[in-house]
Every structure is written in structure tokens, then in C-alpha cells.
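The values are calculated or read from the model by the stated rules, or taken from the named source; none is laboratory data. Only a predicted model underlies this, so the values are computations on that prediction, with no experimental measurement involved. When we count neighbours, we look across all protein chains shown, and the Cβ atoms used for this are built from the backbone with ideal geometry, even at glycine. These accessible areas exclude ligands, DNA and RNA; they are computed on the full protein's heavy atoms, side chains included. Shrake-Rupley method; radii C 1.70, N 1.55, O 1.52, S 1.80 Å.
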Amino acid sequence: MNTEQARFNMVEQQIRPWDVLDFTVLDLLYEVKREEFVPAPYRQMAFMDTEIPLANGESMLSPKLEARLLQSLELKPHHNVLEIGTGSGYMAALMSRLAKSVTTLEIHHDLAQQAQAKLSRSGFNNVSVIIGDGAQGYGQALNWDAIVLSGSVPQLPQSLLDQLAVGGVLVAVVGFAPAMSVTRVKRVSERDYHTEVLFETVIPALHHVEKTSRFEF
């Protein structure tokens, strides 16, 4: 496989036509080597328009969805970011190039350890991988400039919204299959939020949501 040609095709044929037009994001997709975060048995699938299996029944999202979620966050160099669901570590790597710091929570010990090793090896030193259940967030209120969820939720947890800084943005896939939507919420004051639906998609549920019958909001 011609890796650089495959990367070019991914960006130009999959991602850019899917309304990912931010040049900073597009440039990052060339800079951050996606194949380094893909499990070895699936390395040939690194640039395909599909989810890629990970351990514990988890998966990497498709490249175009990762890119569009990243664009939707509108990250700035002073931002502190919280990611719920580390997975492969690739999304954290992308975000780390745009933000001040990324804290990413992963409920599966093996995935967290593998992601940390890949991130450290590739020099993403402003990413902290935390082993734990992030479904209710992490840290204090008004703590995060951006929060992103790597799995879907039936509705937005208030506990996560409470942790957004004023001016901060949360991006998540919300709903039940087959009717899910990428939703962006901006905290405009300590009490008020602005919510917009960006586009429709379907992804697996966050582990905590999928495995338990009751979810606190």
C-alpha cells in the first residue's frame, strides 16, 4: 500500500467532501499518522471509510466522522479539553495539536495503556490518559473549554454540561439508532446554554450507557 497516497485519498475523497473545510483540521490529518493508532491486524484499513475494531468490542470511528467532530469543537491554543472514551488515542492526538491540554478517560485498562504508549511514543506530551468511567465527566464545574464524547448517549448528561467553562463547547452524538444526531452545546453563561444539531450519524453507545439500565442525567 502506498501510505501517503492512501492518506491523500482519505482526506480529499472522504473527508473534504463531507463538509470538513477547515484548513487547520485538514492539515492535521496529514501530520498525525492515523495508521500508528490502528491495531496491527487492521493496519490496511487505516484510511478506509469505516469503523475499525478495537479490543473489548470498541471501535475507532470513521476518519470523516473524527474529522468533522474535531472541526465542530473549534479548538483554540488555550483550551483544556476533556474526551470521554480514549479508544485508540487518535482523536486525542489530533486535539492535542490544537489545544493546550487533553485529558482523556478510558474505562478499559488495556485500551488506556495502549493509547498512552502510542501517544507517548509519538510525542503527544500534552495528553493525559486516565483509566476510569468518564460518563459523568471528570474534574470540577466550569473546568473544561471543550468536551467530546466518543460514543453516543441517549441524551446529554447534565453532569458534563456543568463542567463546561463559560464559552466552552460540548460535542456529542445523541439519540437512539437509527436516529442519532451530532449535537453541539455552548455554555453562554453559568446558567444558559445554546444547543444546535449539526448533522445525523449513528455510532455505538458509550460503554457505561450500553451496559447499564439506568443513566444519571
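Would you confirm whether or not the range 88-104 contains a residue that is of a type in the set (Gly, Ala, Ser) and modelled with pLDDT under 95?
no
Going by the structure shown, is residue 175 open to solvent by 10 Å² or more (accessible area, probe 1.4 Å), on the phi > 0 side of the Ramachandran plot and modelled with pLDDT of 95 or more? Yes; evaluated as a whole, the condition is true for this residue.
Taken together, 94, 149, 98 contain a single residue that is under 23 Å from residue 36 (Cβ atoms), buried (at least 22 other Cβ atoms within 10 Å of the Cβ) and among the hydrophobic types (A, V, I, L, M, F, W, C), which is 94. Of the residues making up the range 166-182, those that are touching a residue at least 24 places away in the same chain (Cβ under 8 Å) and closer than 14 Å to residue 148 by Cα number 7. What is the residue count in the range 8-49 for residues that are farther than 19 Å from residue 92 by Cβ, of a type in the set (D, E, K, R) and in contact (Cβ under 8 Å) with a residue 24 or more places away in the chain? Here the count works out to 2.
Checking 190, 196 one by one, the residue that is at pLDDT below 95 and acidic (Asp, Glu) is 190 and no other. Of the residues making up the range 117-152, those that are at pLDDT 95 or above and within 23 Å of residue 190 (Cβ to Cβ) are 144, 145, 146, 147, 148, 149.
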